[in-house]
Amino acid sequence: MSNAKLKVILTAILLVFAIVPALIIGAVGTFSIVGYESNTKTDTLKTVSRSKSIALDQAFTHYVSNVNMLATSDLLIDAVDSTDEAHANSILAAVADANPDILDIIVINANGNVIASAKQVNIGGTFEHFDETLSPVSGIRSWSSYNNAQAFYVSKEIFENPTGLTGSLGHVCAIVSVGADSRIAKALNGTFLDSGRMIAFDTSGNVINFGGDMAVTTADPDIAQDLQEIVASTSNVNITSLRQELSTGKFDKYTYCAGIIPQINTWRWAGIVESGSIGSFALKTNLICWGVVLVSCALAALVGWLIVNKFTGNMSEMLRTMDAIAEEENGYEIRFKIKNRKSELGRIKDAFNDMLDEVIMSEERHRTIAELSDNMLFEWDFHKESMYVSKNTLAKFEIDTANSTLSNGRFIDALMSTDDAEKYKRDISQLLRDKNGYSAEYQLKAKSGTVIWVSLRAVCITDRLGEPLRVIGVMTDIDNEKKMELQLSERASFDFLSQLYNRNTFTRTLTAELERRGANKIALLFIDVDDFKFINDRYGHTIGDEVIKYVADTIRVKVDDKGGFAGRFGGDEFVLCFTDQEDIENIENISMDIINELYVGYTTSDGSMTINVKASIGIALCPEHSEDVNELLMFSDTAMYFVKKNGKTNYHMYCPEDTESGEYIDPEF
């Protein structure tokens, strides 16, 4: 890097630190002056709009209160219930006449037919804007029945028993005008901030007083989308919170604040003012401010240039040396040349040389330890994009270090099954994302062709900014330990004598089968060898053990390769789980086949005798009998005891009547 270029860069850096604060101060001053008037008027807009919104809230509350009062009036309920039309009309008229804004108050039945009217309009006809889900407060509608007036309705369901809300008689509906003399118009009346005014609008986009004339209009296309956003943003907001902190925003031509009408989801209010009337620019003050900023920048540039000229000489040499260390092939052997060790730059160069020596020694120690260790090491360098792998790793596995990255399919992930490779890639991604360490176990294909288990531990080393520098990993051959662990786990799952599932494994497997069965059935057979104590006493326990193996081999074939499984609960008790749907439909025949095949008998290895084996079988089905694993086992056991009690050597399908108050006692014990 040339000395001139270094000067330019350092000067630019000094100027940035000197000039940017001055520019920030100038910008802050400018925007503060510009924004002061805007903020003041915006606060006024919020204050006045919030105050006027109270009158709008009160107007809606007045209409809703009148309708709610009528809906719970015993006089009106009795008149409607007794179909006394004249009486009902007079009650409605009394309220309507007291409220000039109310064009009419009607009662409609569930079909929308008008059954009473304060103005006796359209009685017997259909309510003009009826739908099955009458809104408590509607949007603005045009009413042909009332000279095309612009109005909304307020409705409340009326019941025979309003306390219990039973026996619906229909709805009371007040049609409320939004004309220039209405409560709504009076609440919106008046201007502020020269062009400011209040508007009210419904979710359909109908706006009152947008032009300042109390007229009902469809939203100006320029602000229609903004009005819809106001509706969406305030539809589910807590009313109290919203009224305390008004939502604010800008149309293209207007500044506004907005809120919702309490307890009415279909209406919003907004205070709007023309944006052009808010904000001004104090030209004289800002010119003075920017003049001071420019003078400050000029002085900062001059001082910066003087400082840079003083210190760039030795800096240029240091930069050239650092470039050589980073870029040349044997750059790690290059050191700074020190002319004056007492100067600040001389001490910096000396410290940097010592640091380079320590780094070289550290790397040598790392590689020496890697070669002497039984553990297999690897290291990925993000800056150099290179992979280091210890010699003992290369001796055991076929790895292409020249073309390998952490997870490009050419490192250890090339030696894994598809599932393990995907898991490894996810683990590496998680490691780089979290920038910490992880450990996992994988199966890798060795050079010999055998697949072995390894334990991998890896850590991510980052720079001071948190960016990854290296990933260092250690692999350990755990093949013998892992295989021993799997063998012990497998042995713990089986009964030693019969080589069927033991009780715990069978129960756990049956539970899992019940959880994933979906709409399929499951059959459970509980099998008990009849008179097994007699066999043990007469022929000895060695023959008894052979009989147990004979029973296990006989029943195992019934579920092998069909998704089912068998277990031994101890002694002469066996269980079978059937998941094949055809077998379950034929489960009684299969049970009889088991009984018959066992009865053919066990023949000793020398052929000297044959022992006919008898068995009692209880059957329980899921979901017919239960979907709970413990109940299925209990029900099949109960069904088996039923057979024991009724002659043995048979099968029985569980039914609720089998449940006994006392337990069956096998006479052979």
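Check Gly571, Gly564, Gly518 and return the single one that is in contact with a Ser or Thr (Cβ under 9 Å, 6 or more places away or on another chain) and without any contact (Cβ under 8 Å) to a residue 40 or more places away in the chain. First the steps, then the outcome.
Details: Gly571 fails: in contact with a Ser or Thr (Cβ under 9 Å, 6 or more places away or on another chain); Gly518 fails: in contact with a Ser or Thr (Cβ under 9 Å, 6 or more places away or on another chain).
The unique qualifying residue is Gly564.
Of the residues Asn111, Asn148, which single one is farther than 24 Å from Asp202 by Cα, at pLDDT below 90 and open to solvent by 20 Å² or more (accessible area, probe 1.4 Å)?
So the residue among Asn111, Asn148 that is farther than 24 Å from Asp202 by Cα, at pLDDT below 90 and open to solvent by 20 Å² or more (accessible area, probe 1.4 Å) is Asn111.
Report every pair of residues separated by at least 6 positions or lying on different chains whose Cβ atoms are under 8 Å apart, first residue within the range 160-178 and at positive phi, second polar (S, T, N, Q).
Every condition considered, the pairs that remain are Gly167/Asn161; Gly170/Asn109.
Kindly list the number of the only condition in (1) in contact with a strand residue (DSSP E or B) (Cβ under 6 Å, 6 or more places away or on another chain); (2) surrounded by 15 or more Cβ atoms within 10 Å (Cβ to Cβ); (3) farther than 18 Å from Lys482 by Cα that fails for Ile428.
The single condition Ile428 does not satisfy is (1).
List every residue pair whose Cβ atoms lie under 7 Å apart, where the two residues are 6 or more positions apart in sequence or sit on different chains, the first residue falls within the range 126-140 and is hydrophobic (A, V, I, L, M, F, W, C), and the second residue, located anywhere, is open to solvent by 60 Å² or more (accessible area, probe 1.4 Å).
Close Cβ pairs satisfying both conditions: Ile140/Gln150.
Looking at the range 522-548, which of its residues are under 60 Å from the mean Cα position of the chain (by Cα) and either open to solvent by less than 20 Å² (accessible area, probe 1.4 Å) or among the aliphatic types (A, V, I, L, M) (or both)?
Passing the criteria: Ile522, Ala523, Leu524, Leu525, Phe526, Ile527, Asp528, Val529, Asp530, Gly544, Val547, Ile548.
If you take the residues in the range 376-404 that are in a helix (DSSP H, G or I) and basic (Lys, Arg), which one is surrounded by the most Cβ atoms within 10 Å (Cβ to Cβ)?
First, the residues of the range 376-404 that are in a helix (DSSP H, G or I): 391-396.
Filter once more, so that each one left must be basic (Lys, Arg): 391, 396.
On the way: Lys391: 12, Lys396: 17.
Among residues in the range 376-404 that are in a helix (DSSP H, G or I) and basic (Lys, Arg), the one surrounded by the most Cβ atoms within 10 Å (Cβ to Cβ) is Lys396.
Could you list, in sequence order, all residues of the range 90-108 that are open to solvent by less than 10 Å² (accessible area, probe 1.4 Å) and part of a helix (DSSP H, G or I)?
Leu92, Ala96
Which members of the range 141-159 meet the condition of being of a type in the set (Gly, Ala, Ser), part of a strand (DSSP E or B) and free of Cβ contacts under 8 Å to residues at least 24 places away in the same chain?
Ser142
Considering only the range 591-619, state which residues are without any contact (Cβ under 8 Å) to a residue 40 or more places away in the chain and open to solvent by less than 20 Å² (accessible area, probe 1.4 Å).
Gly601
For the range 407-464, which positions are of a type in the set (Phe, Trp, Tyr) and either within 16 Å of Glu379 (Cβ to Cβ) or part of a strand (DSSP E or B) (or both)? Steps first, answer last, please.
Kept after step one, since they are of a type in the set (Phe, Trp, Tyr), are these residues of the range 407-464: 411, 424, 438, 442, 453.
Scanning the range 407-464 gives Phe411, Tyr438, Tyr442, Trp453.
Check Asp637 against each of (1) under 22 Å from Gly544 (Cα atoms); (2) among the charged types (D, E, K, R); (3) touching a Phe, Trp or Tyr at 6+ places or on another chain (Cβ under 7 Å) and name the one condition it does not meet.
(1)
Check Lys445 against each of (1) open to solvent by 60 Å² or more (accessible area, probe 1.4 Å); (2) of a type outside the set (Val, Ile, Thr); (3) out of contact with any Leu (no Cβ under 9 Å at 6 or more places or on another chain); (4) modelled with pLDDT of 85 or more and name the one condition it does not meet.
Going through (1) open to solvent by 60 Å² or more (accessible area, probe 1.4 Å); (2) of a type outside the set (Val, Ile, Thr); (3) out of contact with any Leu (no Cβ under 9 Å at 6 or more places or on another chain); (4) modelled with pLDDT of 85 or more one by one, Lys445 breaks only (3).
Considering only residues that are in contact (Cβ under 8 Å) with a residue 24 or more places away in the chain and assigned to a loop (DSSP other than H, G, I, E, B), look in the range 114-125 and name the one that is surrounded by the most Cβ atoms within 10 Å (Cβ to Cβ). Give the steps one after another, and end with the answer.
Filtering the range 114-125 for residues in contact (Cβ under 8 Å) with a residue 24 or more places away in the chain gives 115-121, 123.
Restricting the remaining residues to those that are assigned to a loop (DSSP other than H, G, I, E, B) gives 118-121, 123.
Working: Ala118: 25, Lys119: 19, Gln120: 15, Val121: 16, Ile123: 16.
The residue in question is Ala118.
Outside any helix (DSSP H, G or I) and either among the polar types (S, T, N, Q) or surrounded by 14 or more Cβ atoms within 10 Å (Cβ to Cβ) (or both): is that true of Glu128 in this structure?
Values: outside any helix (DSSP H, G or I): yes; either among the polar types (S, T, N, Q) or surrounded by 14 or more Cβ atoms within 10 Å (Cβ to Cβ) (or both): yes.
In short, yes.
The values are calculated or read from the model by the stated rules, or taken from the named source; none is laboratory data. For clarity, every value in this text was computed on a predicted model and none was experimentally measured. Ideal geometry is used to build each Cβ from the backbone, glycine not excepted, and the neighbour counts take in all protein chains shown. Calculation scope for accessible area: heavy atoms of the full protein, side chains included, ligands and nucleic acids excluded. Shrake-Rupley method; radii C 1.70, N 1.55, O 1.52, S 1.80 Å.
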